[in-house]
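Enquirer: Take this structure first; my questions come after.
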């Protein structure tokens, strides 16, 4: 039996009944990783931890922007090369405490800047369903590793869709929790007011289980919310009868791939058939979401990335011939050499929108637009329980297809960005395949801290369809 | 309009060394993006409060209690260069 | 806060009578147990990079959490400076690059500081002047750079990074270096009373930058300012301002314009030197710190802090004068140090003459402190001991001179006064037979002086008393000696 193809839930059942051992799981996943790792390039580095005989020894992959004590963490950037943090991220502490075995660090877009995992300085990641396609991004390594069976499950981070869009492209489940639900302590920040860590798993049951491990209050993160963590797996037996499903008319625009539209329409029909109440809703400020996001996220990023300056850790470079005062030369050369093109673009944009004379026109205006976008969603959740849409307008695109057109890349996040701007939870789950047999993703959003509702709705759909048991042939 | 000088100024604020060719690229790129985000000017934001935190949280404190620090060895374990218990950097001229 | 001070260039009129305009920015390190955003100890003078953690090192992934006591110390400072306290407070990032700033930004406060619009009454030039306080805000301190020529490198110690600071920005209300000096000493005293900081300039727990400009007298607009940094004492602030005013005046008289810039005071040479490394125009790109949520305060909470404030030096001086009968001269000295003033009041409450206590404290006790270069808190002397001593002098048990000797001994050792008197044999001799005998001898030995006394020269008797005291090693009661001398001489 190919254990690497099973979910954590299945494996744990088998381990507890004595059919297999934790070591069998670990070895199956490692063999798989060695077999297909070169094809996907999902992992940047792997570790040979064996676990400590704990009760919950599920091998997990960690996105390379989350700190593991003593392990190199680089955000897939040259500028952090060699940096080994002296501490564990809050989620890593929780994973370790639950007995999880950290398999290694997963590839990503440099500093999570991207939607295709083509901007990694460790090489592009390939989609297990079609190696000529991108896995999405920025958590492309996490989604590809789970889809390929190189990890039983993984964690990613989501600033504008970086968990959900790759989950959609790779045919797995990805959930961005409510802002504040999971501690950001130890997550190398991109857009601090938008970032959340979340699970990427083979199905919603695993998603519920992993979320339960990750979530919870942390006094080291001032934006962490002190609310009890429910047993999310208990929410999975709910029916959808009476569930109010909102369909935002602004999301069903020209440019959505017809097969994506058809699959999402079929999902709507399913919910209707099961007794859910389908209601059309309006999120009138949707068209401003991408513009708002690119101002807020890059502004925060430009500041968050200022610490990568060659002083303490990571890369340091000096020009061969001096240009400015010594230390300034060191800063400028280090950052010029250390950051890739997309990181530089975002740093420049973020610096520009905060600079003297432009703050009000760009940053402040974007923060106000953010209020309007959030208000739209708050209002919508008075009339519906979940909002349903495609996760992305298309299925996975070809490698290189959008690398020369940053704006079109940014626009591929149009459906995922609003959840980050509003801080609400959202899940992406497989809802079919297109004509090229590439996975299609369905997104559900809910009000803050209504993760249980999301999981229940997703579980009902998933169990009735079975897309989640299909595996990429590698 | 984004000019070469603007790009040089922003690059300098960002502590990024850029050459002439890169400068031209950034002029184009910033123009494209700024042109796109200009759609926000259509919005009526009069009386709208800015959102810098999505959660309405306030007053998150910690008590004035000492917690363990790193040892000097740990603190310098990831240093690019160190000397006599300090991080070492190229000379800063005052 | 550069932006708070709006200046412009204007034509100096033919009138060459200039007025100096000074605004001061004071950085105060708070004395909380831990740093502002992490649990590292807030200490000075420990081994480099031993009070650091992922947060204050600015390591990727680390996050700040505000120390509650820092916020409340900030409120205290604001209230002491008669500021209004903002009920909505938030933090912002101030972005700039410098190796002492590990995150590439400083967490500070921009548009909603803890306190704003206050004033400090300052006695200067013989009268009271209110110096406006623009604002007081909280921020984190940076690390320390050591420029090491031997290895041609700069060394960085991050122990100081994250030390809580209050920055107190004054209005450009001061018109001379002396006023600036008086403002600083008054401010420091008020801050010491609050017990929120060491206020020690040598350790850097209190630092001061000055914004200086000049303008024609009568002009209401501000001239182009320069910012002076690197002054390590209040007197250095004064000298630096004087130097800078002279420099600016020379420039203006020569018809040259003043360049807005930061200048570093060179203590050795006594001059200011333009700073080279931060030549770039300041564009700090402030924006709200997303890693910290806002803070709200209720009027009740603010009132509670207000009620808990200690009496400040200004109010205390007035009370000492009006309620306790202390002279303005004595009171001004006593309130200069909170511990000293507390000691004074405790002693007074134990029952001792107020003038005598003032004399002892501002005289012999102050001398002991100055000689030992220490503060009252460092000594083992208690108010009770001082009162006991003063009363022993007053009732004639020991002489005034012996009293001073005992004080020195108590200060040094903290031993019981009784024991010292016994051990050193300092009990004043009031034995009339013995005193009579000695006085007789002195009178016989100094017939000329005796004549002078008879002819009414008052000082002459003092000489005889002194001789007798010397003979008795200072242990005699000078009053009794004097009585004997007067009696003997007039009787003879």
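Enquirer: Only one residue in C:28, C:24 is closer than 22 Å to residue C:158 by Cα and modelled with pLDDT of 95 or more. Which one?
Expert: C:28
Enquirer: Let me ask something else about it. Could you give every pair whose Cβ atoms fall below 7 Å, whose first residue belongs to the stretch B:51-65 and is closer than 14 Å to residue A:218 by Cα and more than 7 Å from chain A (Cβ to nearest Cβ), and whose second residue is part of a strand (DSSP E or B) and modelled with pLDDT of 95 or more, counting only separations of at least 6 or pairs across chains?
Expert: B:61/C:66
Enquirer: Looking at C:377, C:436, C:331 in this structure, which one is farther than 23 Å from residue C:188 by Cβ and touching a helix residue (DSSP H, G or I) at 6+ places or on another chain (Cβ under 9 Å)?
Expert: C:436
Enquirer: In this structure, is residue C:218 modelled with pLDDT under 90, assigned to a loop (DSSP other than H, G, I, E, B) and in contact with a strand residue (DSSP E or B) (Cβ under 6 Å, 6 or more places away or on another chain)?
Expert: Here the answer is no, as residue C:218 does not meet what is asked.
Enquirer: Residues being within 7 Å of chain B (Cβ to nearest Cβ), touching a residue at least 24 places away in the same chain (Cβ under 8 Å), under 21 Å from residue B:61 (Cβ atoms) and surrounded by 21 or more Cβ atoms within 10 Å (Cβ to Cβ): count how many of those fall in the stretch C:29-50.
Expert: Residues in the stretch C:29-50 being within 7 Å of chain B (Cβ to nearest Cβ), touching a residue at least 24 places away in the same chain (Cβ under 8 Å), under 21 Å from residue B:61 (Cβ atoms) and surrounded by 21 or more Cβ atoms within 10 Å (Cβ to Cβ): 2 in total.
Enquirer: Specify which of the listed residues (A:236, A:261, A:211, A:283) is farther than 30 Å from residue B:43 by Cβ, modelled with pLDDT of 95 or more and away from chain C (no Cβ under 14 Å).
Expert: Being farther than 30 Å from residue B:43 by Cβ, modelled with pLDDT of 95 or more and away from chain C (no Cβ under 14 Å) holds for just one of A:236, A:261, A:211, A:283, which is A:211.
Enquirer: Looking only at strands (runs of 3 or more DSSP E) that lie completely in the stretch C:130-181, which have at least 3 residues being within 21 Å of the chain's Cα centre (by Cα) and either at positive phi or buried (at least 24 other Cβ atoms within 10 Å of the Cβ) (or both)?
Expert: C:164-170
Enquirer: Now for a different question. Has the stretch A:30-46 got any residue that is touching a helix residue (DSSP H, G or I) at 6+ places or on another chain (Cβ under 7 Å), modelled with pLDDT of 95 or more and in a loop (DSSP other than H, G, I, E, B)?
Expert: yes
Okay, residues lined up against (1) surrounded by 19 or more Cβ atoms within 10 Å (Cβ to Cβ); (2) assigned to a loop (DSSP other than H, G, I, E, B); (3) touching a strand residue (DSSP E or B) at 6+ places or on another chain (Cβ under 7 Å):
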| residue | (1), (2), (3) |
| --- | --- |
| C:214 | yes, no, yes |
| C:236 | no, no, yes |
| C:242 | no, no, no |
| C:245 | yes, no, yes |
| C:260 | no, yes, yes |
| C:272 | yes, no, yes |
| C:282 | no, yes, no |
| C:290 | yes, yes, no |
| C:301 | no, no, no |
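Enquirer: Please indicate, with yes or no, whether at least one residue in the stretch C:304-314 is surrounded by 14 or more Cβ atoms within 10 Å (Cβ to Cβ) and within 23 Å of residue C:389 (Cβ to Cβ).
Expert: Checked the stretch C:304-314: no residue is surrounded by 14 or more Cβ atoms within 10 Å (Cβ to Cβ) and within 23 Å of residue C:389 (Cβ to Cβ).
Enquirer: Here are some conditions: (1) buried (at least 24 other Cβ atoms within 10 Å of the Cβ); (2) over 17 Å from residue A:34 (Cα atoms). Residue A:144 meets all but one. Which one does it not meet?
Expert: Tallying (1) buried (at least 24 other Cβ atoms within 10 Å of the Cβ); (2) over 17 Å from residue A:34 (Cα atoms), residue A:144 fails exactly one: (2).
Enquirer: Restricting to the stretch A:169-199, name every residue that is outside any helix (DSSP H, G or I), over 18 Å from residue A:105 (Cα atoms) and either free of Cβ contacts under 8 Å to residues at least 24 places away in the same chain or away from chain C (no Cβ under 14 Å) (or both).
Expert: A:171, A:172, A:173, A:175, A:176, A:177, A:178, A:181
Enquirer: Give the residues of the stretch A:320-361 that are outside any helix (DSSP H, G or I) and within 23 Å of residue C:57 (Cβ to Cβ), sorted by residue number.
Expert: A:339 - this is the single residue of the stretch A:320-361 that is outside any helix (DSSP H, G or I) and within 23 Å of residue C:57 (Cβ to Cβ).
Enquirer: Could you list, in sequence order, the residues of the stretch C:369-418 that are in contact (Cβ under 8 Å) with a residue 60 or more places away in the chain and not in a helix (DSSP H, G or I)?
Expert: Correct list: C:396, C:399.
Enquirer: Looking only at the stretch A:291-349, how many residues end up being facing chain C (nearest Cβ under 10 Å), over 22 Å from residue A:73 (Cβ atoms) and under 24 Å from the mean Cα position of the chain (by Cα)?
Expert: Number satisfying all stated conditions: 2.
Enquirer: Grab the helices (runs of 4 or more DSSP H) fully contained in chain B, keeping just those with 3 or more residues being surrounded by 17 or more Cβ atoms within 10 Å (Cβ to Cβ) and out of contact with any strand residue (DSSP E or B) (no Cβ under 9 Å at 6 or more places or on another chain).
Expert: By residue number, B:4-13, B:20-37.
Enquirer: Another question, then. Counting only residues that are in contact with a strand residue (DSSP E or B) (Cβ under 6 Å, 6 or more places away or on another chain), surrounded by 20 or more Cβ atoms within 10 Å (Cβ to Cβ) and in contact (Cβ under 8 Å) with a residue 24 or more places away in the chain, give me the helices (runs of 4 or more DSSP H) lying completely in the stretch A:200-319 with at least 3 of them.
Expert: Of the helices (runs of 4 or more DSSP H) lying wholly inside the stretch A:200-319, those with at least 3 residues that are in contact with a strand residue (DSSP E or B) (Cβ under 6 Å, 6 or more places away or on another chain), surrounded by 20 or more Cβ atoms within 10 Å (Cβ to Cβ) and in contact (Cβ under 8 Å) with a residue 24 or more places away in the chain span A:204-214, A:258-273.
Enquirer: Could you tell me whether residue C:79 is modelled with pLDDT of 95 or more and within 13 Å of another protein chain (Cβ to nearest Cβ)?
Expert: no
Enquirer: I would also like to ask the following. Considering the stretch C:56-68 alone, what residues qualify as being buried (at least 22 other Cβ atoms within 10 Å of the Cβ) and at the interface with chain B (Cβ under 10 Å from one of its Cβ atoms)?
Expert: Answer for the stretch C:56-68, where residues must be buried (at least 22 other Cβ atoms within 10 Å of the Cβ) and at the interface with chain B (Cβ under 10 Å from one of its Cβ atoms): C:56, C:57, C:59, C:64, C:65, C:66, C:67.
Let's see how each residue does on (1) touching a residue at least 40 places away in the same chain (Cβ under 8 Å); (2) more than 14 Å from chain A (Cβ to nearest Cβ); (3) over 30 Å from residue A:356 (Cα atoms):
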position	(1), (2), (3)
C:261	no, yes, no
C:267	no, yes, yes
C:271	no, yes, yes
C:291	yes, no, no
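Enquirer: From the set of residues in the stretch C:247-258 that are surrounded by 17 or more Cβ atoms within 10 Å (Cβ to Cβ) and at pLDDT below 90, which is nearest to the chain's Cα centre (by Cα)?
Expert: Out of the qualifying residues, it is C:258.
The values are calculated or read from the model by the stated rules, or taken from the named source; none is laboratory data. Treat the numbers as computed from the prediction; the structure is a model and nothing was measured. Neighbour counts are summed over all protein chains in view; Cβ atoms, including those assigned to glycine, are modelled from backbone coordinates with ideal geometry.
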